[in-house]
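Engineer: Supplied in structure tokens, the structure appears directly below.
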Amino acid sequence: MKNKKLILPIVIGVVIVVGATAYLGGSENLQGYLKLSPSSTTRSTTTNTNDTTETATTTTSISSEPVKLDDSIRAMSYQNAVKSANLTSSVLVPSSGVSLTPVAPRHQSGAEIKKADPLSQFLGSSSSRPNGQYTIAKGYISTVDLHYPTEQNSVYVLDCSVAPQNQAQVAAVRNGNVSYPALENGHMLYAFQAPGSTTDISIAFNAPSSVSNYTTVGYFYGCELNKME
């Protein structure tokens, strides 16, 4: 009986110690989680690609924005884009356009850049890029999604300032259809007939399979949608 009386306090003491250790350990883990949580909401150029310690880092690069097309060249290039898309044989002239850029992603008309994640790939305006820049990386971000109000059956030309890198091609994706318009001095001109009162278009940068993930495949500076009249 004496031995049993001695064992019982010892067991109780062990339980108390173990319980306290577990509680403190859990508390420390919780504190660690709370300290780390805010960083998970910050936008970073380092992307964890593995559950281990390996990480892949995307470097935000700087490039010069393409110069706006001269008015006479612009009118002719837009007409050629419309004809190449077999939309009309008439001579149409671009009206004043609605512009969306990294530094001005929304327009009072309701047009907007709907998605261009992550914003850690954003650079603000400067003398060489007055409209800002999105850096596009393969496997990290490959599209910029645009939304424009349009007039049904009207003909439009989307003029996007882009700079593809590492053999990437720039595509316009609309209603599941992919087009690869020719680039002219850093401008991708995509002509289409609006299906309704709004039109959604994605600008995609597609690189060859030989280009590894997290490699920069292009720079995006903005798009201007022009109605052809």
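Engineer: Consider only pairs whose beta carbons are under 9 Å apart and that are at least six residues apart or on different chains; among these, list those whose first residue lies in the range 82-105 and is assigned to a helix (DSSP H, G or I) and surrounded by 14 or more Cβ atoms within 10 Å (Cβ to Cβ) and whose second residue is at pLDDT below 90 and of a type outside the set (Gly, Ala, Ser).
Structural biologist: Pairs found: VAL82/THR88; VAL82/LEU92.
Engineer: Taking the residues in the range 199-229 that are polar (S, T, N, Q) and closer than 17 Å to SER99 by Cβ as candidates, determine which candidate is modelled with the highest pLDDT.
Structural biologist: So in the range 199-229, the residues polar (S, T, N, Q) come out as 199, 202, 206, 209-210, 212-213, 215-216, 226.
Pick out the ones that are also closer than 17 Å to SER99 by Cβ and you get 199, 226.
On the way: THR199: 97, ASN226: 94.
Among those residues, the one meeting the criterion is THR199.
Engineer: Can you tell me which residue among GLY196, GLY176 is out of contact with any Leu (no Cβ under 7 Å at 6 or more places or on another chain), in contact (Cβ under 8 Å) with a residue 12 or more places away in the chain and small (Gly, Ala, Ser)?
Structural biologist: Answer to the selection: GLY196.
Engineer: Just checking, does the range 117-138 include any residue being loosely packed, with under 14 Cβ neighbours inside 10 Å, over 18 Å from the mean Cα position of the chain (by Cα), modelled with pLDDT of 85 or more and of a type in the set (S, T, N, Q)?
Structural biologist: Checking the range 117-138: not a single residue is loosely packed, with under 14 Cβ neighbours inside 10 Å, over 18 Å from the mean Cα position of the chain (by Cα), modelled with pLDDT of 85 or more and of a type in the set (S, T, N, Q).
Engineer: Would you mind stating whether TYR190 is among the aromatic types (Phe, Trp, Tyr) and under 14 Å from the mean Cα position of the chain (by Cα)?
Structural biologist: So TYR190 does not fit the description; no.
The values are calculated or read from the model by the stated rules, or taken from the named source; none is laboratory data. The shown structure was predicted, so the numbers you read here are calculated from the model rather than taken from an experiment. Heads up, the Cβs are rebuilt from the backbone with ideal geometry, glycines too, and the neighbour counts pull from every protein chain shown.
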